[in-house]
1. So which residues in the stretch 200-224 are touching a residue at least 40 places away in the same chain (Cβ under 8 Å), surrounded by 17 or more Cβ atoms within 10 Å (Cβ to Cβ) and in a loop (DSSP other than H, G, I, E, B)?
2. So in the stretch 112-164, with the set limited to residues that are within 17 Å of the chain's Cα centre (by Cα) and not in a helix (DSSP H, G or I), which one is farthest from residue 95 (Cα to Cα)?
3. For residue 177, only one of the following conditions fails: (1) over 21 Å from the mean Cα position of the chain (by Cα); (2) in contact (Cβ under 8 Å) with a residue 60 or more places away in the chain; (3) surrounded by fewer than 16 Cβ atoms within 10 Å (Cβ to Cβ). What is its number?
4. Could you tell me whether residue 235 is in contact (Cβ under 8 Å) with a residue 60 or more places away in the chain, closer than 15 Å to residue 62 by Cβ, surrounded by fewer than 22 Cβ atoms within 10 Å (Cβ to Cβ) and touching a helix residue (DSSP H, G or I) at 6+ places or on another chain (Cβ under 9 Å)?
5. Considering only residues that are surrounded by fewer than 18 Cβ atoms within 10 Å (Cβ to Cβ) and in a helix (DSSP H, G or I), which ones fall in the stretch 245-270?
6. Being without any contact (Cβ under 8 Å) to a residue 60 or more places away in the chain and either in contact with a helix residue (DSSP H, G or I) (Cβ under 6 Å, 6 or more places away or on another chain) or surrounded by 20 or more Cβ atoms within 10 Å (Cβ to Cβ) (or both): is that true of residue 182 here?
């Protein structure tokens, strides 16, 4: 009979496959542009790729599911190509808080809907229901998708608890390009929410801003003697960041780095939707398992 660790590895291997939800289509699908990435991701999760998205190239670097080729790039969220967007004739435009200043201009093109705000624990679900309603889908389309995601996340949490009852705390961070500072995700952030759902503790208990993260010097991580560090990588910045970290004495002296308790994950966006949350849960579970196995072998 397979042991618990083997079962957990099998569960994680299956989890790393693309999310296999059945695509859902609305009759007479609306043409929806999404300047906000969480809305774009939510539409894709519902099987309804958006007509247009802000900065598609960067979206495909940061998000777990790439956009289809037919989705149009309408420029960055702070300077949308209004002429192109007008030519595309969307029925609706989803907008996030950072782009609210463009609302008067966008309303001349199509009705504007601002994505739901709120704490990280419920925001992605609210946006998913919002997108389903905008696309003409019933609430059950969103609720069934959320139930499947919750089931998988719960299975990962149960497997981790069985195999690693004394799992170390986990600290998720994004180093800057100087190698001396990092964005660290604490209470109230999407990464913290996913750690909680996995039954893991967040290694960072220091102060954070309203969005649940802080920017701090690497020396602030020195007290995390037993924690696992999970470093977020951004493909376009990875080479420069790794050079800086290689030359950073404080980074090299961090207990987790010296002792090999460091994992790297990509396709991360801290304000993403339900697919971003699921991808992070899968990635963190795999990283914790792999690192603890290596230390015990």
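Just so it is clear, none of the values below were taken in a lab; they were calculated from the coordinates. Because the structure is predicted, anything quoted here is derived from the model rather than measured. Because the Cβ atoms are built from the backbone with ideal geometry, glycine has one as well, and the counts that use them run over all protein chains shown.
1. 200, 212, 224
2. Checking each candidate, the answer is 119.
3. The number of the failed condition is (1).
4. yes
5. If the condition is that a residue be surrounded by fewer than 18 Cβ atoms within 10 Å (Cβ to Cβ) and in a helix (DSSP H, G or I), then 246, 249, 250, 252, 253, 255, 258 are the ones that fit.
6. Spelling it out, residue 182 is indeed without any contact (Cβ under 8 Å) to a residue 60 or more places away in the chain and either in contact with a helix residue (DSSP H, G or I) (Cβ under 6 Å, 6 or more places away or on another chain) or surrounded by 20 or more Cβ atoms within 10 Å (Cβ to Cβ) (or both).
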